[in-house]
């Protein structure tokens, strides 16, 4: 059998993860259905999506709104004024002109060709403005910015919900206890115990329901 367990979403919920305590607390409360799809900032124009946490954040909904506007209109100027006003107030939290200034500052150093293209293609300028929000949302999550708590982008899949169900009522239910070693040791021990129970059951030996329901235990 395997000597390792490959984890993904669970890693973000550990003490050692390079994200904010706010995000770790949000992940600890997530269920399997609290995951949705949102536009990827680096592949926005192509419609590529990533899995993100829905519970406690409006990022997925707002990201989808931006992509729908991108599909519908050919430029920022074409977006109805009332719609743009709502974006500036609720999503950008600043004027679209201020957002564009930020884009110019960023791409002037990183990739000036993006600005050259935006000068010729208004729709590309709109994409860069929308990508500003999508790109910064993950940084807001990492830094735990309180004024952006509804806009954080937290990548995760339904596995985090399954993990929370498994750890409910145990010491690993607390974000502060979710250390990498403790999580890994319990996953490996649990997998070994359940596999052994299954092998015995195949041979006609029933070790009881407890053997198939490993619960996380503190390391000695």
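Throughout, read-outs are computed from the coordinates displayed, never taken from laboratory work. Predicted model, so just to flag it, every value in this text is computed and none were measured. Backbone-built Cβ (ideal geometry, glycine too); neighbour counts: all protein chains shown.
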field: Distance between the stretch 15-73 and the stretch 77-140 - C-alpha centres, whole angstrom
entry: 18 Å
- line: The helix 96-110 Cα axis meets the longest alpha-carbon principal axis of the chain at an angle in degrees, between 0 and 90 and rounded to 10, of 70 degrees
task: Springs between alpha-carbon atoms under 10 Å, Gaussian network over the chain: tell me which of 162, 41, 137 tops the mean-square fluctuations.
output: 162
- request: Between residue 120 and residue 55, take the C-beta separation as r, use R0 = 35 Å, and let me know the FRET efficiency to the nearest 0.05.
  value: 0.25
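If a/c stays under 1.5 just call it rounded; otherwise compare a/b with b/c (prolate if a/b is bigger, oblate if not). Do that for the stretch 1-96, with a ≥ b ≥ c from the square roots of the Cα gyration tensor eigenvalues.
Values: a/c = 3.05, a/b = 2.04, b/c = 1.49.
Verdict is prolate for the stretch 1-96.
Below 8 Å, C-alpha to C-alpha, sequence gap of six or more: please give me the relative contact order for the stretch 59-211 in percent. Write out the running numbers ahead of the final one.
Numbers: 81 pairs, mean separation 27.5, N = 153.
In percent, rounded to a whole number, it is 18.
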- prompt: What angle do you read, to the nearest 10 degrees and between 0 and 90, between the alpha-carbon axis of helix 180-202 and the longest principal axis of the chain?
  reply: 50 degrees
message: Between 0 and 90 degrees, rounded to the nearest ten: what's the tilt of helix 122-143 against the longest Cα principal axis of the chain?
response: 40 degrees
message: Taking a virtual spin label 7 Å from the Cα of residue 106 along the C-beta vector, which residues in the stretch 44-72 bring their backbone nitrogen under 20 Å of it?
response: 44-53, 58-71
statement: Per 5 angstrom bin, beginning at 0 and ending with the bin that holds the maximum distance, the Cα pairs of the stretch 34-148 fall in percents of 2, 11, 21, 26, 21, 13, 5, 1, 0
- prompt: How high is the FRET efficiency from residue 201 to residue 3, r the C-beta distance, R0 25 Å, rounded to 0.05?
  reply: 0.65
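For the stretch 1-66, what's the relative contact order in percent, using C-alpha pairs closer than 8 Å and at least 6 residues apart?
Details: 58 pairs, mean separation 15.6, N = 66.
Once divided by the residue count of the stretch 1-66, the mean separation gives 24 percent.
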- request: Just round it to a whole percent: the fraction of Cα-Cα distances in the chain exceeding 31 Å.
  value: 37 percent
message: Can you compute the FRET efficiency between residue 211 and residue 29 using 1/(1 + (r/R0)^6), with r the Cβ-Cβ distance and R0 = 35 Å? Round to the nearest 0.05.
response: 0.75
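For a quick check: sort 113, 54, 149, 86 by the number of other beta carbons within 10 angstrom, fewest at the front.
On the way: 113 9, 54 20, 149 17, 86 13.
Least crowded to most crowded, the residues run 113, 86, 149, 54.
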message: Relative contact order for the stretch 34-148: what percent, with Cα pairs under 8 Å and sequence separation of 6 or more?
response: 26 percent
message: Quick check: pseudo-label points 7 Å beyond the Cα along Cα→Cβ at residue 219 and residue 184, how many nm apart are they?
response: 0.9 nm
